[in-house]
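Reading through the structure tokens given below for one structure.
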Amino acid sequence: MAQDIKVANEKKWWKEAVVYQIYPRSFKDTDGDGVGDLKGIISKLDYIKSLGVDVVWLNPIYGSPNADNGYDISDYQAIMKEFGTMADFDALLKGMHERGLKLVMDLVVNHSSDEHKWFQESRKSRDNPYRDYYHWWPAEKGKPAFRPGAFEADGSGWRYDKTTDSYYLHYFNYKQPDLNWENPKLRQEIYTMMRWWLDKGIDGFRMDVIPFISKDPEFPVITQAELDKNYHGRWDVYMGSGPHLHEYLQEMNREVLSKYDCMSLAEGAGMLTSTALNFVDADRKELNMGYHFEGTNLGYVPGYFKKSGPYSLVDFKKIYSDWDKVYETKGWGTIYLGNHDQPRMATRWGNDAPEFHDYSSKLLTTFLLSMRGTPYYYNGDEIGMVNAKFDKIEDYRDIETLAQYQHLKNEGGDLKEFIEYQKTGGARDNGRTPFQWNATENAGFTTGTPWLKVNDNHLTLNAEAQEKDPKSVLNYFKKMVHLRKTNPVLVYGKYTLLDKENPAVYAYTRELDGKKVLVLLNFSTKNATANTGINLKKAKVLITNYANPFKNGILRPYEAVILELP
Ligand code: NOJ
């Protein structure tokens, strides 16, 4: 056992890193077209460095017609025109490396764009050399068995294509046809492309829905009973359990990843505590890390599209503790609350009412940066950006929200209610509004018309104001990053949940080499206490989000404190 823990704690730069995710479209625009660009990121490199983070993950910046904001790639070795040029990319990478920052790219290879030349060829004829780069189903065999298409109003993952009288598979939108990984030629093309980027000097990949790559080409009928029995009733679990998935990941590791000092992160769609190690147990030679959805799916009301109800902190604690356990002796975990697919963490997991906003944002930051596992921190959360809460469907841009809206409309559902729950719940645009740099028009993001409306609260909530305020959410984030970076116990230390049934307080210890810290997080709007059984008399406060030290074990609303225990 002791030996095993040593293996799990084997030091790696990507375990010690704090990853900062940038959504390039919304970060900083320098040419006035209302869309962020690479020069914009370059202009903010000193800001990024000042945060203390180590790694930047960029959402897709490749050639794309943008049906799904870059997750539909038409050229894997080009830069999206709106974002700039390859020369801009090279300057960005150089600028990052000069500052000691690493760069991780998004790898979107479950599907391409329908405008990729492979697909353009593939759809021409049944005997085209690229035919088998995608999944086709000849219409004379009848309609293929149902597979979900997440970004389609009718929910179907198959689209009929007249030219060859066949259907093709797309797990997302019809403009995102799924690549056929059963074809070794396709796999080699992908590996060559990955090596090309790594040879350029990038430091790793975040792999979009990578568990979905392997399919059974027979596309058998999947009954509800089978889904319930084998896949927890969930399509994502089914799709993430393809017959050759791990063979392909091992091949990718052999052919590409193992040759570089790079990091790899799976978007763990359909990943369960029972399957996670199949991806990240180092002995299997696949990937380094994955991020699961059990945490961020908590509190969604069944039967609705990402409508979030209140969530139980006891359930929240159980999920993160169960996932910590997965990696107790093997593999390595991740932790996140926000990203480009999620609502803003301050709104969804904290409390964006004025009296609680700053406290709860800081509390969530304390949580993310004091758990075991690599933290993935989403741009804008460091200043506590909140959901946009758009009132009109015309203000939404995201393909998923628009498809779900259309679906409901077709069914005669309640569209007003839909808009209401998008405000607090899932609509991805909430997390994608332009970064709030300052109080000027469009928050200093663009001089043009932003592709997505800027949140009005940028007049008071922006990076410039917070940089000047020592008590700001931003400065707390920097302090917390520094604390993690200077205390290995926060990275590698053993995690133990305390007082697990406490409905208001999340309490846990972290322990390493004789050092022990206690983290206390009051997730409620009332004073609360935690029954930890630990005498706090001699404890030393390492960080707190309140101005005055906490007394008598009473935590004020959204109070967060980390204590070093004697
Ligand atoms: C997951 C990505 O994070 C999301 O933004 C995208 O729409 C889908 N995969 C499809 O690529």
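Structure above, values below:
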read-out: Per-residue Cβ neighbour rank within 10 angstrom, fewest leading, Val314, Val104; value: Val314, Val104
read-out: The range 206-264 - convex hull of alpha carbons, volume per residue in Å³; value: 85 Å³
read-out: Neighbourhood charge, 11 Å Cβ-Cβ cut-off, centred on Val104 and excluding it, Lys, Arg +1 and Asp, Glu -1; value: -1
read-out: Cα-projected label distance for Phe146 with Trp196, points at 7 Å along beta-carbon direction, nm; value: 4.0 nm
read-out: Cα-Cα P(r), the range 76-139, percent of pairs per 5 Å interval; value: 4, 14, 18, 16, 13, 10, 10, 8, 5, 2, 1, 0
read-out: Rg and Dmax [Cα atoms of the range 47-196; Å; Rg one decimal, Dmax integer]; value: 17.9, 61
read-out: Net dipole in debye of the range 503-547 [+1 Lys, Arg Cβ; -1 Asp, Glu Cβ; about Cα centre; nearest 20]; value: 160 debye
read-out: Proximal charge balance of Ile222 [Cβ under 15 Å; K/R count +1, D/E count -1]; value: 0
read-out: Mean shadow area of the range 493-565 over all directions, Cα convex hull, nm²; value: 4.6 nm²
read-out: Unit charges on C-beta of K, R, D, E only; dipole of the range 473-566, Debye; value: 280 debye
read-out: For a label point 7 Å along the Cα-to-beta-carbon line of Ala91, residues of the range 43-65 with backbone N under 15 Å; value: 43-46
read-out: Furthest towards positive pole of dipole, His340, Ala427, Tyr376, structure part the range 293-448, Cβ charges; value: Tyr376
read-out: Cβ-Cβ FRET estimate between Lys540 and Lys81, R0 fixed at 51 Å, reported to 0.05; value: 0.40
read-out: Positive-pole candidate from Asn548, Ser312, Ser125, dipole of the chain, charges at beta carbon; value: Asn548
read-out: Fully extended contour minus Cα-Cα distance, from Asp513 to Asn297, at 0.36 nm per residue; value: 74.3 nm
read-out: Lys pairs under 25 Å by Cα in the range 412-500, provided they are eight or more residues apart or on distinct chains; value: 10
read-out: Given charges at beta-carbon only (K, R positive; D, E negative), |dipole| of the range 18-94 in Debye; value: 260 debye
read-out: Pairwise Cα inverse-distance average, inverted: Kirkwood Rh of the range 15-129 (Å); value: 15.2 Å
read-out: Relative pair counts by distance (%), Cα atoms of the range 152-193, 5 Å bins; value: 6, 21, 20, 19, 19, 10, 4, 0
read-out: The chain, helix-only ellipticity at 222 nm - DSSP H runs n ≥ 4, -39,500 (n - 2.57), divided by all residues, nearest 500; value: -8500 deg cm²/dmol
read-out: Volume in Å³ per residue [convex hull over Cα atoms, computed for the chain]; value: 150 Å³
read-out: Semi-axis lengths (Å, descending) of the ellipsoid that matches the C-alpha gyration tensor of the range 445-551; value: 34, 18, 15
read-out: Volume per residue of the C-alpha convex hull in the range 102-168, rounded to whole Å³; value: 120 Å³
read-out: Taking the chain and dividing mean pair separation by its residue count, relative contact order in percent (alpha carbons under 8 Å, at least six apart); value: 13 percent
read-out: The range 5-84: GluC sites (Glu not before Pro) falling in loop per DSSP and having at most 16 other Cβ within 10 Å; value: Glu10
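FYI, it's all coordinate maths here, none of it is from the lab. Note that the structure is a prediction, hence the values are computed from the model and not measured. Ideal geometry is used to build each Cβ from the backbone, glycine not excepted, and the neighbour counts take in all protein chains shown.
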